[in-house]
1. Which of the numbered conditions does GLU222 fail, given that it passes all the others? Conditions: (1) in contact with a Lys or Arg (Cβ under 6 Å, 6 or more places away or on another chain); (2) at pLDDT 95 or above.
2. May I ask you to list the residues in segment 145-160 that are open to solvent by 70 Å² or more (accessible area, probe 1.4 Å) and either in contact with an Asp or Glu (Cβ under 9 Å, 6 or more places away or on another chain) or within 17 Å of ASP102 (Cα to Cα) (or both)?
3. In segment 131-144, is there at least one residue being exposed (fewer than 15 other Cβ atoms within 10 Å of the Cβ) and among the small types (Gly, Ala, Ser)?
4. In the set LYS5, LYS40, LYS70, LYS33, which member is modelled with pLDDT under 90 and under 25 Å from ARG121 (Cβ atoms)?
5. Can you name the residue in segment 5-34 that is charged (D, E, K, R) and part of a loop (DSSP other than H, G, I, E, B) and, of all such residues, is least open to solvent (accessible area, probe 1.4 Å)?
6. Give me a count of the residues in segment 150-196 that are part of a loop (DSSP other than H, G, I, E, B) and among the acidic types (Asp, Glu).
7. Note down all Cβ pairs under 9 Å where the first residue falls in segment 90-101 and is at pLDDT 95 or above and away from ligand 2 (no atom under 16 Å from the Cβ), the second is open to solvent by less than 10 Å² (accessible area, probe 1.4 Å) and of a type in the set (Asp, Glu), and they're at least six residues apart or on different chains.
8. Kindly list, by first and then second residue, each pair from a residue in segment 42-55 that is open to solvent by 10 Å² or more (accessible area, probe 1.4 Å) to a residue that is assigned to a loop (DSSP other than H, G, I, E, B), limited to pairs with Cβ atoms under 6 Å and residues at least 6 apart or on different chains.
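The values are calculated or read from the model by the stated rules, or taken from the named source; none is laboratory data. As the structure is a computational prediction, the values presented were derived from the model and not from experiment. Heads up, the Cβs are rebuilt from the backbone with ideal geometry, glycines too, and the neighbour counts pull from every protein chain shown. Just so you know, the surface numbers come from the protein's heavy atoms only, side chains and all, with ligands and any DNA or RNA stripped out. Shrake-Rupley method; radii C 1.70, N 1.55, O 1.52, S 1.80 Å.
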Amino acid sequence: MDKEKGLVLKSTGSFYILRTQNGSTVNCKLRGKFRMQGIKTTNPIAVGDIVLFVRENQQDGLITEILPRKNFIYRKSVNLSKISHIIAANIDSAFLIISMTDPRTPLGFIDRFLVAAESFRIKTILVFNKIDLYDAELKQVQKRLENLYTNIGYTCISTSIVTDEGLDTLKSKIKNKVSLFSGQSGVGKSSIINCIEPDLQLKVSNISDYNSKGKHTTTFAEMFELSFGGFIIDTPGIKEFGLIHYKKEEISHYFPEMLELLPQCKFNNCTHTHEPGCAVKEAWQEGKIADSRYQNYLAIIHGEDIELKEWMLE
Ligand code: GDP
Ligand code: ZN
């Protein structure tokens, strides 16, 4: 039987929806003897995977093989600590939607996200949304943060779904790419996606929704094809990922401005805390590394996950 190539758009838990090379979709299960090598996961195949499949009929098929991944993101499976859950694969860039207000995204959230994305070798673009709501003071804070993150090497965009500002720029960056959209609930992720691609009509939450704590959604990530070319991966219900399995001395490798200085530290396994001859600490003392970045770095290596737990409660 002829094998065809497909892109996994959605996993329902029991079957996968694939986009075939001619743009149609087909529902597939895994072939019985399908095997995964490598990491232990709750799901062998995730959104963004490219697979080979054979058809059983026009609408259904069997996945026989997964092609090598360029990258993938995962998080620890909630109950089974050694097993991870792959969220998505083959991502070109991650877009972290943030807001200075209603709700305000904590810097700790941004830096943890960036560390996780770096560890998965995915570049992040920071999207400051709701700029129509920023007063003079918030605009200043935003400018300062934009400078901070631009200097480290991250692209920053500012957007508003009210004035449409920045949406064309955002569109040009996702065109013909596979883009992961992330952000705390309420920052406007669904609204932005709906503006970019009105046909999708993702559910936009009421302002009050994101304040209600305690819901635990296990929704799978989903991939949407864009009419102007490219794909968006939406991660509903996923507040955080990664930051597991890392050794203390590894974390600073995912802070680009620290990684750059590491060769100048006296010890190559420097954690930039107590060691003598530490170039990172020196740079921080001289104001060359932002205080917020260094403090968030310390919070991560010391496992101070208070903020992280709060997000998970959302
Ligand atoms: P999500 O949880 O990140 O998907 O956020 P939603 O898209 O559901 O938006 C949450 C709320 O913020 C909704 O009431 C939106 O109308 C509002 N919102 C989203 N983007 C903007 C924006 O750029 N400006 C303003 N003023 N409100 C926005
Ligand atoms: Zn050091």
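1. (2)
2. The one that is open to solvent by 70 Å² or more (accessible area, probe 1.4 Å) and either in contact with an Asp or Glu (Cβ under 9 Å, 6 or more places away or on another chain) or within 17 Å of ASP102 (Cα to Cα) (or both): ASN151.
3. Within segment 131-144 (the criterion being exposed (fewer than 15 other Cβ atoms within 10 Å of the Cβ) and among the small types (Gly, Ala, Ser)), the answer is yes, since at least one residue qualifies.
4. Criteria check complete, one pass: LYS40.
5. Here the answer is ARG31.
6. 2
7. Matching pairs, first to second residue: ASN90/ASP49.
8. Filtered contacts from segment 42-55: THR42/SER77; THR42/ILE83; PRO44/MET36; ILE50/LEU67; LEU52/LYS3; VAL54/MET1; VAL54/LYS3.
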